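J.: There's a structure below that I have some questions on.
The values are calculated or read from the model by the stated rules, or taken from the named source; none is laboratory data. Since the model is a prediction, treat every value here as computed from it, not as a measurement. Glycine gets a Cβ as well: all are built from the backbone with ideal geometry, and neighbour counts include every protein chain shown.
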Amino acid sequence: MKVVLQNLTKKFPARGKKNHGDVIAVNNFTFEIPDGKLVGLLGPSGCGKSTMLNLISGLLKPTSGKILFGDDDVTELPAEHRGIGLVFQNYALYPHLTVRQNILFPLQNLKGKDKLSKEAMEKKVVDAAKLVQIEELMDRKPGELSGGQQQRVAIARALVKMPKVLLLDEPLSNLDARLRLQTREEIRRIQKETGITTVFVTHDQEEAMSISDQIVLMKDGVLQQLGRSQEVYDNPANLFVAKFLGTPPINIFSGNVSDGKLYIGKDAVLNTSGVPNMEVYVGIRPEGFLLSENGSLCCAMGGVEVMGRDISIVSMNEASLNFSIRSIISSDSKVDENAAFVHFDLKPNKVLLFDKKTEKRITF
Amino acid sequence: MEDYKKTPKKPLRIITYALLALWAIVVLFPFYWMLLTSVKSYSSYNSEYIPKFFTLSPTLQNYADAFTSVPLGRYLLNTLIFTVITTAIMLIVITLAAFAFARLEFKGKNIVFVIFLSLMMIPNELVVITNFVTITNWDMRNSFPGLILPSITSVFYIYLLKENFEQIPDNLYYAAKVDGTSDLKYLLRVMVPISKPTLVTITILKVIECWNSYVWPRLITDDENYFLVSNGIQEIREKGFGRENIPAMMAAVVVISVPLIILFLVFRKKIMEGVSRGGTKG
Amino acid sequence: MFKKFFKNSNLKSWLYLLPAIIFLGIFMVYPLIDVFVYSFEEGYNSASQTYFGTGTYNYSYILHDPYFLQAVKNTFILVIITVPLSTGIALLISLGLTSIQRFRSLLQTIYFLPYVTNTLAVGLVFMILFKKTAYSDGLINMLLSLFGGDTVDFIEGPYWAKMFVLCFYTVWVVLPFKILILTSALSSVNPVYYNAARVDGTSKFRTFIRITLPMISPMIFYLIITGFIGAFKAYSDVVALFGTDLNAAEMNTIVGYVYDMLYGDSGGYPSYASAAAILLFAIVLTITCINLLVSKKNVHYS
């Protein structure tokens, strides 16, 4: 089932002082989640992504705008009637119930024609448990499970009633690094097997990019960009998106375009024909640097970090807005760590220009 | 997440408020009634076969009577003395003991502490009998020492304070030791100030307990000069004011109740927090 | 290097503990042993402090004393009525309190007032509210007759009427503590569980039964245990309502019996008092153990 958000806005009355305006957590949001896809909702903390999730779940009511599940307008429908599954950040497993009782809980709420027989419920519970591979833990209490196991139970509980939409709120943030990797593949697998439209909230860009069909980036309640991970990475719509995606982060320089050439400091580094003369921010991905003795960009050598397959050169340039520039070069290259300067050529497709005033992307 | 409050819940909310208001009235009404009765004149009170809910001619005469025809001032003063001395000595005793348990190292500490803890389960009723005999034998009936001595230690408060002391980082103690601070000085200069909130809570709880204590004072005093307010009010009820002067009786009740109510309204947060941490009545 | 500090500290530590140990020793440990001794000393004379012999006569005496049996009966009735009733009402009120926004703090303050009042003093107010005298039927009787009921003297009238006032006053007195504890227990339930239940379409009632109640069960259980212990020790509220001569009023409690045996017009029998106190302690201990056993099955501790 596809999920459509139309001009969705959520304002919270400002707490405390009365004269302050409302806090706008979600601002005029419009996008569509295609049927059966996994969408990663991504943004820095406080950007409104959890509010967004609560709006979709129906725990919060939008100030204006519409939410559609398929063709049905569910805007006025509270959470209990939307038929969604929600996995909470800290799982919200009922601590006094066993795993089996936790998974069974949503089914026991069904009334009228939806009511299930005991056997049918039991079968569904077992199926859900199998799907997340926790059959052997059924009679334990949540307190006796590891974080990863609790996570699976939470997913099973969300899935057991066959929700139209599955919502996951920072589902991996309470797991350690190794489990996180494993669990996110697991989530991907379960989502593919069930084909349930899924929204996944996270502040971790790597997490979002690796498992989502699409990512949605938001900042201060405003949609910044949406698209497939690689697309968004390669073609960020603005400076924020460029900075938010990628590890190590993109290097930002202050530069200007003059007569079809891009200047960083005094160095003309690239041909940018078609771009009018203007002040720009230049974003260069770490992998966009090529070591070259006669390279056009000259930086003061800071140091070399060996990372195995690659090496990372740390250097300085007056035009750089970060303290140091980080570039990633194949370890085959020879670098003289003791040299005073290092020269780079740039890969044109890894260099991104942004208008200094609007911070919007300028293509060339 | 108070959104989506659906309309059919409105009746429920009205019922909720109605029930809460009803209980508020049940709680407040006795207070209103005692205030009201205390300002009705003796003759008008006794002429009301059906009690009136208000009075048009309030009088303070009952308060004057309460202080003159029975020694209400004496009761109040006694209670004040009893409360202040008991609380003060108790604070010293429990602070020293809690410090020893929390901070000092000595042989037998654990076993002594376990014995202390097990004493928490002993109901007062069980020990009051012997204490009564003890105090009588010591010739301390009708005296402040007799009233005060048995209630100046509280295992529970030692426990509460010890828990609090233990939260103070060890490093502070070692730092003070390196600076040559004595244990006692450390206790007074560092631990007591840091634990002030808990000490205040304990003080308030103890003051409430002292102000309302009835059983022990009743056993140990039969001389009116040593009555506390609870015994005083019982005495007034049985003998005072020629028995039927209820307005004057209520004036006395108001005078006795007011100090604690003021204390409560001033320290509302502290008291409620303190009680929820560790107090049942009595 | 810290060892040096502790070198002398054994003796010093005991000095810090000394006041507490002295007072607890004299007024708690010694009496605790002594009360058992008393309870087995037969024919103790408090004037000469002598006794004839040892045995269980004191126990058998009080067990055959109609006043004691009356006191036991009264105490049990009081306990059985007020403990469930007050816990239930407190739970209802706390649920109400946590569901509202406005006036919450004001109501909480009001509900707590009885805790800080002098039981004896306010008991007097209850007495005049319920009492029927030659001059006036009293306020409660006035309300009763307003609704077409018969007037009755609740203070010196029939047994059930007196028991009613006693239970009512007891509930009034113990409720503040219970409301306080339950309100804070309810507000400490993580709201995320309620959200989870809502997403699953759980009805309000089911949410309460399956989620709220189990989660606050340790606190409810705590209140039931302390409630039992407190109610078994009822005394000063009874005195407040019915005066000090409780045997005559048929309203005595076990604790009241203990004190009456010890002191006052009927006093001077510390051996009987001790035996009664020990029986009370045994009853309370038994009930508490039963409570603990029951709770093991039904209380969820996180």
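J.: Those residues that are aromatic (Phe, Trp, Tyr) and either assigned to a loop (DSSP other than H, G, I, E, B) or within 10 Å of chain C (Cβ to nearest Cβ) (or both), I need them from the range B:28-43; list them, please.
T.: Across the range B:28-43, the qualifying residues are B:Phe29, B:Phe31, B:Tyr32, B:Trp33.
J.: For A:Thr198, work out the one condition from (1) assigned to a strand (DSSP E or B); (2) surrounded by fewer than 16 Cβ atoms within 10 Å (Cβ to Cβ); (3) of a type in the set (S, T, N, Q) it doesn't fulfil.
T.: Going through the list (1) assigned to a strand (DSSP E or B); (2) surrounded by fewer than 16 Cβ atoms within 10 Å (Cβ to Cβ); (3) of a type in the set (S, T, N, Q), A:Thr198 breaks only (2).
J.: Now a separate question. Within the range A:210-219, can one find any residue that is β-branched (Val, Ile, Thr) and within 15 Å of A:Pro44 (Cα to Cα)?
T.: Yes, the conditions are met somewhere in the range A:210-219.
J.: Kindly list the number of the only condition in (1) facing chain C (nearest Cβ under 7 Å); (2) at pLDDT below 90; (3) in a helix (DSSP H, G or I) that fails for B:Ile122.
T.: Against the list (1) facing chain C (nearest Cβ under 7 Å); (2) at pLDDT below 90; (3) in a helix (DSSP H, G or I), B:Ile122 comes up short only on (3).
J.: For the subset of the range B:137-159 comprising residues that are touching a residue at least 60 places away in the same chain (Cβ under 8 Å), assigned to a helix (DSSP H, G or I) and farther than 17 Å from C:Tyr16 by Cβ, which member is farthest from the other protein chains (Cβ to nearest Cβ)?
T.: My answer is B:Phe144.
J.: Conditions first: (1) modelled with pLDDT of 90 or more; (2) within 14 Å of chain C (Cβ to nearest Cβ). B:Arg74 passes all but one, so which condition is the exception?
T.: Among (1) modelled with pLDDT of 90 or more; (2) within 14 Å of chain C (Cβ to nearest Cβ), the lone unmet condition for B:Arg74 is (2).
J.: Is there any pair linking a residue in the range A:132-148 that is in the same structural domain as A:Lys192 (by TED's automatic domain parsing) to one that is loosely packed, with under 13 Cβ neighbours inside 10 Å, with Cβ under 7 Å and at least six apart or on different chains, and which?
T.: Every condition considered, the pairs that remain are A:Gly143/C:Ser302.
J.: Checking B:Pro169 against (1) exposed (fewer than 15 other Cβ atoms within 10 Å of the Cβ); (2) modelled with pLDDT of 90 or more, which test does it fail?
T.: So B:Pro169 meets the others, but not (2).
J.: In the range A:237-264, which residue that is in a loop (DSSP other than H, G, I, E, B) and in contact with a Gly (Cβ under 8 Å, 6 or more places away or on another chain) is surrounded by the fewest Cβ atoms within 10 Å (Cβ to Cβ)?
T.: A:Gly260
Residue-by-condition table, conditions (1) assigned to a loop (DSSP other than H, G, I, E, B); (2) modelled with pLDDT under 90; (3) of a type in the set (Val, Ile, Thr); (4) not assigned by TED's automatic domain parsing to the domain that holds A:Tyr233:
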site	(1), (2), (3), (4)
A:Ala14	yes, yes, no, no
A:Asn19	yes, yes, no, no
A:Ala25	no, yes, no, no
A:Asp35	yes, no, no, no
A:Leu41	no, no, no, no
A:Cys47	yes, yes, no, no
A:Ile67	no, no, yes, no
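J.: Right, next: Is it true that some residue in the range A:266-287 is more than 25 Å from A:Leu239 (Cβ to Cβ) and assigned to a loop (DSSP other than H, G, I, E, B)? Spell out the reasoning first.
T.: Applying the first criterion (more than 25 Å from A:Leu239 (Cβ to Cβ)) to the range A:266-287 yields none.
Within the range A:266-287, none of the residues are more than 25 Å from A:Leu239 (Cβ to Cβ) and assigned to a loop (DSSP other than H, G, I, E, B).
J.: So which of A:Pro62, A:Pro34 ends up being over 30 Å from A:Gly143 (Cα atoms) and within 14 Å of another protein chain (Cβ to nearest Cβ)?
T.: A:Pro62
J.: Could you check the range C:83-126 and list, in sequence order, the residues that are farther than 22 Å from C:Ala240 by Cβ and not in a helix (DSSP H, G or I)?
T.: C:Ile100, C:Gln101, C:Arg102, C:Phe103, listed by residue number.
J.: Just to be sure I understand, how many residues within the range B:201-253 are buried (at least 22 other Cβ atoms within 10 Å of the Cβ), polar (S, T, N, Q) and within 30 Å of B:Lys162 (Cα to Cα)?
T.: Counting residues in the range B:201-253 that are buried (at least 22 other Cβ atoms within 10 Å of the Cβ), polar (S, T, N, Q) and within 30 Å of B:Lys162 (Cα to Cα) gives 3.
J.: Tell me which helices (runs of 4 or more DSSP H) are completely within the range C:132-234 and hold 1 or more residues being away from chain A (no Cβ under 13 Å) and either among the β-branched types (Val, Ile, Thr) or surrounded by fewer than 20 Cβ atoms within 10 Å (Cβ to Cβ) (or both), or say none if there are none.
T.: Here the list reads C:139-146, C:159-187, C:213-232.
J.: Determine if the range A:70-78 includes at least one residue that is of a type in the set (Gly, Ala, Ser), within 11 Å of another protein chain (Cβ to nearest Cβ) and more than 22 Å from the chain's Cα centre (by Cα).
T.: Step one: list which residues in the range A:70-78 are of a type in the set (Gly, Ala, Ser), which gives A:70.
Subset that is within 11 Å of another protein chain (Cβ to nearest Cβ): none.
Taking every residue of the range A:70-78 in turn, none turns out to be of a type in the set (Gly, Ala, Ser), within 11 Å of another protein chain (Cβ to nearest Cβ) and more than 22 Å from the chain's Cα centre (by Cα).
J.: Taking the conditions exactly as written (modelled with pLDDT under 90, more than 10 Å from every other protein chain (Cβ to nearest Cβ) and at positive phi), does C:Gly268 satisfy them or not?
T.: Yes, satisfied.
J.: What is the residue count in the range B:70-85 for residues that are in contact with a Cys (Cβ under 9 Å, 6 or more places away or on another chain) and touching a residue at least 12 places away in the same chain (Cβ under 8 Å)?
T.: First pass over the range B:70-85, keeping only residues in contact with a Cys (Cβ under 9 Å, 6 or more places away or on another chain): B:79, B:82-84.
Add one more test, that the residue is touching a residue at least 12 places away in the same chain (Cβ under 8 Å), and what stays is B:79, B:82-83.
Residues in the range B:70-85 being in contact with a Cys (Cβ under 9 Å, 6 or more places away or on another chain) and touching a residue at least 12 places away in the same chain (Cβ under 8 Å): 3 in total.
J.: Of the residues C:Phe103, C:Phe76, which is more than 18 Å from C:Tyr222 (Cβ to Cβ) and within 9 Å of chain B (Cβ to nearest Cβ)?
T.: Residue meeting the stated conditions: C:Phe103.
J.: Could you tell me whether the range B:192-204 includes any residue that is closer than 30 Å to C:Ile179 by Cβ and at the interface with another protein chain (Cβ under 8 Å from one of its Cβ atoms)?
T.: No, the conditions are met nowhere in the range B:192-204.
J.: Hey, another quick one. Checking A:Leu55 against (1) of a type in the set (A, V, I, L, M); (2) part of a strand (DSSP E or B); (3) closer than 30 Å to A:Ala242 by Cα, only one condition comes out false. Which one?
T.: Status for A:Leu55: all satisfied but (2).
J.: Check whether at least one residue in the range A:87-99 is within 28 Å of the chain's Cα centre (by Cα) and not in a loop (DSSP other than H, G, I, E, B), and report yes or no.
T.: Yes, the range A:87-99 contains a residue that is within 28 Å of the chain's Cα centre (by Cα) and not in a loop (DSSP other than H, G, I, E, B).
J.: A:Glu318 - would you say it is under 20 Å from A:Pro249 (Cβ atoms), of a type in the set (Asp, Glu) and either in contact with a helix residue (DSSP H, G or I) (Cβ under 7 Å, 6 or more places away or on another chain) or without any contact (Cβ under 8 Å) to a residue 12 or more places away in the chain (or both)?
T.: Working: under 20 Å from A:Pro249 (Cβ atoms): yes; of a type in the set (Asp, Glu): yes; either in contact with a helix residue (DSSP H, G or I) (Cβ under 7 Å, 6 or more places away or on another chain) or without any contact (Cβ under 8 Å) to a residue 12 or more places away in the chain (or both): no.
No; evaluated as a whole, the condition is false for this residue.
J.: How many residues, within the range A:44-69, are on the phi > 0 side of the Ramachandran plot and either of a type in the set (A, V, I, L, M, F, W, C) or in contact (Cβ under 8 Å) with a residue 40 or more places away in the chain (or both)?
T.: Of the residues in that region, 2 qualify.
J.: Looking at this structure, is B:Thr83 β-branched (Val, Ile, Thr) and either at the interface with chain C (Cβ under 9 Å from one of its Cβ atoms) or outside any helix (DSSP H, G or I) (or both)?
T.: The answer is no for B:Thr83.
J.: Right, B:Asn131: without any contact (Cβ under 8 Å) to a residue 12 or more places away in the chain, within 23 Å of B:Asp223 (Cβ to Cβ) and either within 10 Å of chain C (Cβ to nearest Cβ) or buried (at least 16 other Cβ atoms within 10 Å of the Cβ) (or both) or not? Spell out the reasoning first.
T.: On the way: without any contact (Cβ under 8 Å) to a residue 12 or more places away in the chain: no; within 23 Å of B:Asp223 (Cβ to Cβ): yes; either within 10 Å of chain C (Cβ to nearest Cβ) or buried (at least 16 other Cβ atoms within 10 Å of the Cβ) (or both): yes.
Spelling it out, it is not the case that B:Asn131 is without any contact (Cβ under 8 Å) to a residue 12 or more places away in the chain, within 23 Å of B:Asp223 (Cβ to Cβ) and either within 10 Å of chain C (Cβ to nearest Cβ) or buried (at least 16 other Cβ atoms within 10 Å of the Cβ) (or both).
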